[in-house]
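**Q** Sharing a structure here in structure tokens format.
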Amino acid sequence: MLKITTPLTDETVCKLRTGDRVLLSGTVYTARDAAHARFMEAFERGEDLPFPLEGAVIYYVGPAPAKPGRVIGSAGPTTSGRMDVYTPALLERGLKGMIGKGSRSRQVREAITAAKAVYFAATGGAAALLAKCIMETEIIAYPELGPEAVRRLEVRDLPLTVVNDIYGGDLYEEGRKRYARL
Amino acid sequence: MEEALARAREAEESPVGRGIIEELQANVALAKEEAIPVCQDTGMAIVYVELGQDVHITGGNLYLAIDEGVRQGYEQGYLRKSIVADPLRRENTGDNTPAFIRVQVVPGDKLRIHLLPKGGGSENVSRLAMLKPAQGVAGVKKFVLETLDLAGGNACPPYLVGVGIGGTFDECAFLAKRALMREVGRPNPQEHLARLEEELLEAINDLGIGPQGFGGRQTALAVHVESLPTHIACLPVAVNLSCHALRHRSREV
Ligand code: SF4
């Protein structure tokens with residue numbers, strides 16, 4: 001399995017192909033629906049986001065609370081399609097990677113190839129396993145959003161699957177075609 | 001659900017799909033060992049109460065008592081608080097209340113509580129249609145398959161598929177949800193509905209969606225159909241999906 005680190009560069013992203021399994025280490029930022037809506041408001045006001053977008057990876061997750069002595073509670077992906085309306089604006093401004101589950105709209109897939117970015121799936125519902133890969137966490141914005149606050153996560157060997165690569169591949173389409181019996 | 005996953009692991013033809021199911025199994029084992037949720041989305045608390053008609057509840061309000069239970073359970077269990085107070089203003093209530101409670105009066109002197117913490121992802125891909133009676137069983141099948149086709153890999157397959165047929169617009173949706181509370185894979189006692197369940201399962205698994213939607217044969221682990229009488233002009237059908245992280249408990253008091 002290929003090991004990659006954040007921030008993502010063109011060089012790394014070029015190596016990734018639809019269907020590849022990778023282990024991601026480094027910093028990722030969490031954001032779901034409500035945080036994305038705030039990002040758009042920040043753009044409208046001409047303000048910066050709470051973290052640098054250049055080469056950044058966003059994980060669509062609202063983690064469960066940590067038990068005492070733990071870094072974080074269970075932390076698997078949420079459905080990415082709900083973020084589709086916001087995503088192109090982020091890709092235009094330097095976002096390089098997204099982690100979630102489920103397919104993306106055509107506009108997002110086109111924006112991914114245009115921005116040389118990549119969309120990964122984490123296994124939906126494998127949230128206890130995924131939480132094990134999170135070493136550190138800190139709320140960096142919008143604490144009032146509860147599970148939807150923006151967190152900085154330090155991850156080690158987070159297991160991911162490449163869904164949309166820069167070459168226009170789409171794992172959901174290709175996988176289904178292979179196994180569909182019509 | 002664990003047994004159903006083990007069977008799916010054996011039956012899956014896609015190596016990627018098998019890998020995913022193994023990951024889900026390892027996740028369940030780890031969650032048990034550490035006493036943490038299998039999925040971070042610990043859901044909205046859906047509570048279905050079968051209230052025996054001879055039961056007399058004293059000392060307070062049943063609905064408030066259930067909400068209090070949800071409040072304490074989600075806090076003490078380190079579960080995620082996933083409820084917003086207003087669907088448009090969207091402020092989190094902070095304690096996962098209110099619960100979504102439905103009470104039905106049944107014969108007897110027992111109180112039976114079913115709890116189904118349901119994630120938002122699989123709720124979002126659920127659908128309902130008011131078909132014409134002429135569309136019949138073929139129409140029902142088409143609608144169920146369409147629903148799965150649209151859901152694709154979005155709501156964490158392998159799924160459990162709850163189907164409600166008949167009743168009214170609202171009863172039909174509830175039937176689909178109640179179907180999810182049946183023991184996984186136990187067929188409907190009515191023969192024609194049991195057959196429909198089998199046919200739907202096969203057709204769904206021929207869609208090729210597979211575990212996590214990466215392609216494969218195990219898109220659904222089981223289909224549960226429930227039905228009710230309906231109006232001469234109506235054929236309601238509802239599909240409520242559950243992901244592999246189906247959590248369901250019943251208690252009798
Ligand atoms: S669909 Fe189920 S497994 Fe997937 S994120 Fe939601 S609750 Fe978790």
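The values are calculated or read from the model by the stated rules, or taken from the named source; none is laboratory data. Small disclaimer: the values here were computed from a predicted structure and weren't measured. For neighbour counting, all protein chains shown are included, and Cβ atoms are generated from backbone atoms with ideal geometry for every residue, glycine included.
**Q** In segment A:124-182, which residues are polar (S, T, N, Q) and under 19 Å from A:Lys3 (Cβ atoms)?
**A** Result: A:Thr161, single match.
**Q** Looking for whichever is within 20 Å of A:Pro63 (Cα to Cα) and at pLDDT 95 or above here; the options are B:Ile83, B:Ile113, B:Ile101. Which one fits?
**A** Selected residue: B:Ile83, the only one of B:Ile83, B:Ile113, B:Ile101 that is within 20 Å of A:Pro63 (Cα to Cα) and at pLDDT 95 or above.
**Q** Of all residues in segment B:150-186 being away from the ligand (no atom under 16 Å from the Cβ) and among the β-branched types (Val, Ile, Thr), which is farthest from A:Pro77 (Cα to Cα)?
**A** So, considering only residues that are away from the ligand (no atom under 16 Å from the Cβ) and among the β-branched types (Val, Ile, Thr), the one farthest from A:Pro77 (Cα to Cα) is B:Thr168.
**Q** Taking segment B:119-135, which residues are within 14 Å of chain A (Cβ to nearest Cβ) and either more than 9 Å from the ligand (Cβ to nearest atom) or hydrophobic (A, V, I, L, M, F, W, C) (or both)?
**A** Residues satisfying the conditions are B:Val125, B:Ser126.
**Q** Another one. Take the residues in segment B:45-69 that are touching a Pro at 6+ places or on another chain (Cβ under 8 Å) and of a type in the set (A, V, I, L, M, F, W, C); name whichever of them is farthest from B:Asn92 (Cα to Cα).
**A** Filtering segment B:45-69 for residues that are touching a Pro at 6+ places or on another chain (Cβ under 8 Å) and of a type in the set (A, V, I, L, M, F, W, C), the one farthest from B:Asn92 (Cα to Cα) comes out as B:Ile46.
**Q** Also: Suppose we filter B:Leu193, B:Leu160, B:Leu150, B:Leu241 for residues that are in contact with a Lys or Arg (Cβ under 8 Å, 6 or more places away or on another chain) and modelled with pLDDT of 95 or more; which single one remains?
**A** After ruling out the rest, the residue left standing is B:Leu150.
**Q** Could you please let me know if B:Ala35 is at positive phi and hydrophobic (A, V, I, L, M, F, W, C)?
**A** Taking the combined requirement at face value, the residue satisfies it.
**Q** Give me a count of the residues in segment B:13-47 that are of a type in the set (Ser, Thr, Tyr) and buried (at least 24 other Cβ atoms within 10 Å of the Cβ).
**A** Pass one, segment B:13-47, residues of a type in the set (Ser, Thr, Tyr): B:14, B:42.
Still in the running and buried (at least 24 other Cβ atoms within 10 Å of the Cβ): B:42.
The qualifying residues number 1.
**Q** Residues being more than 16 Å from the ligand (Cβ to nearest atom), assigned to a helix (DSSP H, G or I) and aliphatic (A, V, I, L, M): count how many of those fall in segment A:106-132.
**A** Residues of segment A:106-132 more than 16 Å from the ligand (Cβ to nearest atom): A:106-119, A:132.
Pick out the ones that are also assigned to a helix (DSSP H, G or I) and you get A:106-114.
Right, trim to aliphatic (A, V, I, L, M) and you get A:108, A:111-112, A:114.
Selection size over segment A:106-132: 4.
**Q** Exactly one condition in (1) assigned to a strand (DSSP E or B); (2) within 16 Å of the ligand (Cβ to nearest atom); (3) over 16 Å from the mean Cα position of the chain (by Cα) is false for A:Glu138; which is it?
**A** The failed condition is (2).
**Q** On to the next question. Restricting attention to segment B:225-243, which residues are under 10 Å from the mean Cα position of the chain (by Cα) and either more than 16 Å from the ligand (Cβ to nearest atom) or within 14 Å of another protein chain (Cβ to nearest Cβ) (or both)?
**A** The answer is B:Leu241, B:Ser242, B:Cys243.
**Q** Conditions: (1) surrounded by fewer than 17 Cβ atoms within 10 Å (Cβ to Cβ); (2) in contact (Cβ under 8 Å) with a residue 40 or more places away in the chain; (3) part of a loop (DSSP other than H, G, I, E, B). B:Glu199 meets all but one. Number of the miss?
**A** (3)
**Q** Right, next: Just to check your reading of the model, which residue among B:Thr42, B:Thr93 is within 14 Å of chain A (Cβ to nearest Cβ) and either more than 16 Å from the ligand (Cβ to nearest atom) or without any contact (Cβ under 8 Å) to a residue 24 or more places away in the chain (or both)?
**A** B:Thr93
So that you can scan it fast, the table gives a plain yes or no per residue for (1) without any contact (Cβ under 8 Å) to a residue 60 or more places away in the chain; (2) under 15 Å from A:Leu8 (Cα atoms); (3) more than 9 Å from every other protein chain (Cβ to nearest Cβ); (4) surrounded by 17 or more Cβ atoms within 10 Å (Cβ to Cβ):
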residue	(1), (2), (3), (4)
A:Val118	no, yes, yes, yes
A:Ala127	no, no, no, yes
A:Glu148	no, no, no, yes
A:Val155	no, yes, yes, yes
A:Leu158	no, yes, yes, yes
A:Asp165	no, yes, yes, yes
A:Asp170	no, no, yes, yes
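**Q** Suppose we filter A:Ser80, A:Ser74, A:Ser103 for residues that are at the interface with chain B (Cβ under 9 Å from one of its Cβ atoms), within 16 Å of the ligand (Cβ to nearest atom) and under 12 Å from the mean Cα position of the chain (by Cα); which single one remains?
**A** A:Ser80
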